[in-house]
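Beneath this line is the structure, given in C-alpha cells, with notes to follow.
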Amino acid sequence: MYLRYAHGLGRAAAVTTITSPDSRLVKQVTPAALCGVWRSGGAPKVRGWPSITHVVIHTLIGSAATTIRHWHGGQNCLPPHYVIDKNGEITQMVAERYYAQHVGTANTYSIGIEHEGGCYNTPACFSESLYQASAALVRDICERQKIPKDRAHIIGHDEAPGTGHGDPGGYWDWDYYMALLQWDGRTASLKPQRIVLDYNSLFTFPLTANWNEGVRLPVKWGPGHEQSYAAKYYYAEADPVAKEDDAVEYSGAITDSGQWILSAWWPVLRGSNTAALINVATTNRDPAQRSFSGTYDQSARGLMARQTAALYSTHTWMPVHTFTLNTGDGVRISVSRRSSARGRVIADAFRLLKTGSL
Ligand SMILES: [Zn+2]
C-alpha cells in the first residue's frame, strides 16, 4: 500500500483540511476545499476528544472520482471525512479532528463516510468489497475514537437529526454491516457471512402456470413497504386445495458452520395473502435443525418496516428462524400457493446471515 497525495501536500505549512491520514487503511489523501469545514481564523476549527461519538453512513450517486474533484476544488462544500469507491479504495478528505459539513447538526459529533455506487433503487448497488472496506474502516475509527459499535452510534444519513436525506436507504444491509463491525477483522471462523436467495436462486423450474412474474415498483427514496428486494419476483393466487408443493422453491448451500438467521423480504401489497405458508428444509444431521415452517401475513406492513428521521417507512428484513448449520448443508425454502386465506402469495427474497460474534 502506498499513499498518494494530491498537490504535493504533506509539506506541512499549508492551511489544509488534511495533511496525513488518520487510518492506515487510507489509500489516498485528497484535501477537501476549506469551504467544506468549519473554520476559525481562516483555518479549520479543531474539535477535542471525546467529542466524536458517531459515524454517519452516506451513499454517493455518481462517480467517486468526480465528486472528490468537486469537493477538492470547492465546487461542492459538503464533503465527508472519507470516501470509499466501489472497489473498496479509501480516500480521506478531511482530518477526523475537523468538522466536515456532511450531515447538518450532527457535524459537531460525527465522522462522515461516503460510499460510491450508492443508489436507492436496488441492493445490487452495494458491492461486497464496499461492505468489507467500509466495515474495516469503521472498526478502525471506533477503536481509535472509542465509539461503541452499535446502531445508536453508527447511523445512516437518513437517521441523523433533522435530515431530509434518504441515504443509504433500506437496501443498505444494516444487519450484515453491523455484524461485520462486531467482527475482529481477523478470526476467519467468526467472519460474518451472508447468502441471499432470490429470483436468481430458484430451484423449481418450471413453476406451475399458477405463478406470475412481478416486477419491482419504482423506488424513490429507498424501498418502502411496497418494493420487492429483487428486480423480479413471483406471485400466485392462493388456493386452499392447491398442492403444498405448488410452490416457488429456493435453494442454497451453507458456507460455514455456525448459527444462521433466516430472514424474509417481500413487497407488502394490497390484497396480499394473510397466511402464506413458508417451508424450510435443511440437510443438517440434527433433526431439530432439519425443518421449519410458518405462515405469514404478507399484507402486514409492520413486519418489515422501520421509520427513520427522513423516511416514513423503510423496508427491512424480517427474521423467520435461526438454525445451527454446518458447512455444505443444503437449504431449501419454499413459498407455497396453498393457503386457507385469500389473496396473493408472494415469493421474493430470503437472506441467510451468519453473524459470527453477535
Ligand atoms: Zn448523505
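Percent antiparallel among DSSP beta bridges with both residues in segment 4-182, to the nearest 5? It would help to have the intermediate numbers written out before the result.
Details: 7 of 23 bridges.
DSSP beta bridges in segment 4-182 are roughly 30 percent antiparallel.
I want to verify a result. In a Gaussian network model of the chain, Cα cutoff 10 Å, which of these has the top mean-square fluctuation: PRO148, PRO240, PRO161?
Result for the chain, Cα springs under 10 Å: PRO240 fluctuates most.
Express the relative contact order of segment 4-182 as a whole percentage, based on alpha carbon pairs under 8 Å and six or more residues apart in sequence.
Values: 364 pairs, mean separation 43.8, N = 179.
Over segment 4-182, the number comes to 24 percent.
For the residues MET318, MET304, what sequence is obtained by ranking on other C-beta atoms within 10 Å, fewest first?
Values: MET318 17, MET304 22.
In order of increasing Cβ crowding within 10 Å: MET318, MET304.
Which FRET efficiency, nearest 0.05, do ARG306 and SER20 yield, Cβ-Cβ r, R0 30 Å?
Details: r = 39 Å, r/R0 = 1.30.
E(calc), rounded to 0.05, equals 0.15.
Would you tally the net charge around ALA310, using a Cβ to Cβ cut-off of less than 14 Å, leaving ALA310 out, and scoring K and R as +1, D and E as -1?
Numbers: positive: LYS220, ARG306; negative: ASP158, GLU159, ASP167.
My count for the surroundings of ALA310 gives -1.
For segment 190-271, which trypsin sites (Lys or Arg not before Pro) are both in a DSSP coil and crowded by at most 14 other Cβ atoms within 10 Å? Mind showing how you got there, number by number?
On the way: sites: ARG194, ARG216, LYS220, LYS232, LYS243, ARG270; in loops: ARG216, LYS220, LYS243, ARG270.
The qualifying sites are LYS220, LYS243, ARG270.
Hey, in the chain, which Cys have no second cysteine's beta-carbon closer than 4.7 Å?
That list is CYS142.
Neighbour counts of other C-beta atoms within 10 Å: give me ASP198, ASP348 arranged from fewest to most. Kindly include the intermediate steps, with their values, before the conclusion.
On the way: ASP198 20, ASP348 23.
By the 10 Å Cβ count, ascending: ASP198, ASP348.
Please give the net charge around ALA231, taking every other residue with its beta carbon less than 13 angstrom from that of ALA231, where Lys and Arg add +1 and Asp and Glu add -1. The partial results should precede the final answer.
Working: positive: ARG216, LYS232; negative: ASP198, GLU213, ASP348.
It works out to a net charge of -1.
Relative to 2.2 N^0.38 Å, what does the C-alpha radius of gyration of segment 151-296 come to as a ratio? Two decimals please.
Details: Rg = 18.2 Å, N = 146, 2.2 N^0.38 = 14.6 Å.
For segment 151-296, the normalised Cα radius of gyration is 1.25.
Quote the charge dipole size of segment 146-257 about the Cα centre in Debye, to the nearest 20; the model charges only the Cβ of Lys and Arg (+1) and of Asp and Glu (-1).
Details: 10 positive and 17 negative charges, 131 e Å.
Dipole magnitude for segment 146-257 comes out near 620 debye.
Compare GLN298, GLN182, GLN289 in a GNM of the chain, Cα atoms joined below 10 Å, and give the one with the largest fluctuation.
In the Gaussian network model the winner is GLN289.
Determine the relative contact order of the chain: mean sequence separation of Cα pairs under 8 Å and six or more apart, normalised by residue count, in whole percent.
Details: 885 pairs, mean separation 59.9, N = 358.
Contact order relative to length: 17 percent.
Counting only other residues whose beta carbon sits under 12 Å from that of THR67, what net charge do I get with K and R as +1, D and E as -1?
Details: positive: ARG69; negative: ASP85, GLU114, GLU116.
For residues surrounding THR67, the net value is -2.
Assuming R0 = 35 Å, what is the FRET efficiency of HIS321 and SER129, from their Cβ-Cβ distance, to the nearest 0.05?
Efficiency for this residue pair is about 0.70.
Any chance you could check the Cα centroid distance between segment 91-169 and segment 196-251 for me, in angstrom?
33
In whole Å, what three semi-axes, largest first, describe the equivalent ellipsoid of segment 214-256 built from its Cα gyration tensor (square root of 5 times each eigenvalue)? Provide the component values of the computation, followed by the final result.
Values: eigenvalues 128, 78, 12 Å².
One finds semi-axes of 25, 20, 8 Å for segment 214-256.
If you wrap a convex hull around the C-alpha atoms of segment 4-182 and split its volume per residue, what is the figure in Å³? All intermediate terms of the calculation are to be shown ahead of the outcome.
Values: hull volume 19.4 nm³, N = 179.
For segment 4-182, the hull spanned by Cα atoms encloses 108 Å³ per residue.
Pop a pseudo-label 7 angstrom from the Cα along the beta-carbon direction at both HIS70 and ALA209 and give the gap in nm to one decimal.
For HIS70 paired with ALA209, the spin-label model returns 5.3 nm.
Largest first and in whole Å, what are the equivalent-ellipsoid semi-axes of the chain based on the Cα gyration tensor, each being the root of 5 times an eigenvalue? Kindly include the intermediate steps, with their values, before the conclusion.
Values: eigenvalues 378, 90, 52 Å².
Three semi-axes, in Å: 43, 21, 16.
Take the Cα pairs of segment 56-139, get the Kirkwood Rh, then feed it into Stokes-Einstein at 25 °C and 0.890 mPa s and tell me D in µm²/s.
Details: Rh = 12.9 Å.
Estimated diffusion coefficient is 190 µm²/s.
Since every read-out is calculated from the coordinates, none of them should be taken as a lab result. What you see is a predicted model, and the numbers here were worked out from it, not measured in a lab. All Cβ positions, even for glycine, are placed from backbone atoms using ideal geometry, and neighbour counts span all protein chains on display.
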